[in-house]
Amino acid sequence: MIHDIPDLRVALECWIDLDEDRQRAREAADRVSRDGLESAIRHIFRSSRGMDEKKADYRTRQVLGGVEKCQVQCSGWLRPAIDANGAILEIGCGPGQLLAAAASRGCEVIGVDVSMEWLVIARHLVEQYGGSPKLAAGFAEQLPLTDDSVAAIISLDVIEHVGDQNAYVDELKRVLRPGGFFGLSTPNRYSLSPEPHVNVWGVGYLPRSLQARYVKLVKNQSYTFTRLLSVRETKKLFSQPKGFAANVTFPAIPEQELSNFTLPRKRLALIYNWLVEIPLVKLFLPFFGAYYRVWGNVKN
């Protein structure tokens with residue numbers, strides 16, 4: 001237990017060192033108490049993530065401003081989760097922006113993340129918005145919740161980092177009550193834009209066996225714990241026999257995101273936003289679209 005957050009992580013291979021993460025979580029809790037939430041977030045980006053001061057400041061502003069962005073999503077495609085009569089679980093809640101947005105609307109929120117360090121931040125951020133979150137460090141493949149225990153599940157940009165994606169989907173089905181809502185988002189494997197985690201072009205079009213070697217060659221970075229899915233692969237995971245009624249949509253890039261783009265990138269994004277609204281083009285988005293959402297219900 002760290003900062004009143006239980007550590008329920010089992011012995012699974014993951015992208016972080018659990019012992020180091022526990023120590024950083026204790027440091028984050030001390031820094032929040034001593035210097036405040038913003039300082040603690042900035043320190044995480046500087047120390048744990050190795051960013052320079054300018055980038056750390058930018059990412060800190062992103063975290064603190066992310067609650068407003070999540071408020072927009074809660075009024076849009078995630079509205080069924082907000083309206084669900086029961087607890088909302090976010091898998092991979094990170095620093096807690098979405099939990100804070102939901103809590104500000106009176107929702108009961110539960111957050112599970114592999115990083116205890118970010119959960120410490122999430123607790124304080126949600127409390128700033130009037131919430132009392134239930135948080136736990138755990139893995140998406142083995143959620144520390146009982147069967148049929150939540151009314152809605154949200155999991156944004158998480159499925160591509162899960163070691164066992166089939167187990168992850170099975171866990172969604174297990175803890176979500178019949179008829180419950182789920183909403184996911186993930187980068188598209190077959191995207192014409194650079195792979196967002198390593199900023200390398202063309203990764204998804206390569207066979208799985210070559211992707212990590214290609215990223216290592218081009219960027220000298222590890223690609224071990226990233227596995228982007230195509231729409232076809234995702235639909236197979238959420239197939240009807242597994243008890244899901246799932247929809248896949250390619251949204252426009254949000255206006256809040258465009259404000260952070262350089263001018264050339266913003267122009268390309270505006271063209272993309274125009275294209276995704278054309279009915280004929282929508283048929284081909286699985287082969288070049290930037291990212292997509294998966295949403296729906298578990299069958300009764």
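Tabulated data for the structure shown
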| read-out | value |
| --- | --- |
| Counting DSSP beta bridges with both ends in the chain, the antiparallel % (nearest 5) | 45 percent |
| Residue (of Ile5, Ser75, Ser33) at the positive-pole extreme of the range 1-108, dipole from beta-carbon charges | Ser75 |
| Hits among lysines - C-alpha to C-alpha of Lys134 under 25 Å, sequence gap 8 or more where chains match | Lys69, Lys173 |
| Cβ charges +1 (Lys, Arg) and -1 (Asp, Glu), total dipole of the chain, debye | 1040 debye |
| Selection from Gly106, Pro187, Ser149, by position along the positive dipole direction of the chain (Cβ) | Pro187 |
| Anisotropy class of the range 67-140 from Cα gyration tensor, a/c 1.5 cut | prolate |
| Nearby aspartates and glutamates by direct alpha-carbon distance to Lys236 (threshold 14 angstrom, same-chain neighbours under 8 apart not counted) | Asp170 |
| Placed amide H near Ile2: partners under 5 Å, 5+ positions off or other chain | Asp7 |
| 5 angstrom amide H check on Asp157, placed H, neighbours 5+ away | Ser185, Thr186 |
| Counted charge near Arg46, where neighbours are those whose Cβ lies closer than 15 Å (Asp, Glu -1; Lys, Arg +1) | +1 |
| Among Gly180, Gly106, Gly204: highest mean-square fluctuation, GNM of the chain, C-alpha pairs under 10 Å | Gly106 |
| Between the range 179-253 and the range 76-121, the Cα center-to-center distance that results, in Å | 23 Å |
| Table column - 3J(HN,Hα) (Hz), the range 157-166, Karplus curve with 6.51, -1.76, 1.60, x for Gly and Pro | 6, 10, 4, 6, 9, 7, x, 10, 5, 5 |
| Residue-by-residue Karplus 3J(HN,Hα) for the range 113-126, coefficients 6.51, -1.76, 1.60, Hz, glycine and proline x | 8, 6, 9, 5, 4, 6, 5, 4, 5, 4, 4, 6, 5, 5 |
| Amide H partners (placed H, <5 Å) of Glu195, local residues excluded | Val200, Trp201, Gly202, Val203 |
| Karplus 3J(HN,Hα) series, Hz, for the range 87-97 with 6.51 cos²θ - 1.76 cosθ + 1.60 (x for Gly, Pro) | 6, 9, 9, 10, 8, x, 6, x, x, x, 4 |
| Partner lysines for Lys282 [C-alpha distance under 18 Å; skip if fewer than 8 residues away on the same chain] | Lys235 |
| Prolate/oblate/rounded label for the range 172-300 (Cα gyration tensor, a/c 1.5) | oblate |
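No lab work stands behind these numbers, since they all come straight from the coordinates. Just so it is clear, the structure is predicted and the values come from calculations on it, not from any experiment. Heads up, the Cβs are rebuilt from the backbone with ideal geometry, glycines too, and the neighbour counts pull from every protein chain shown.
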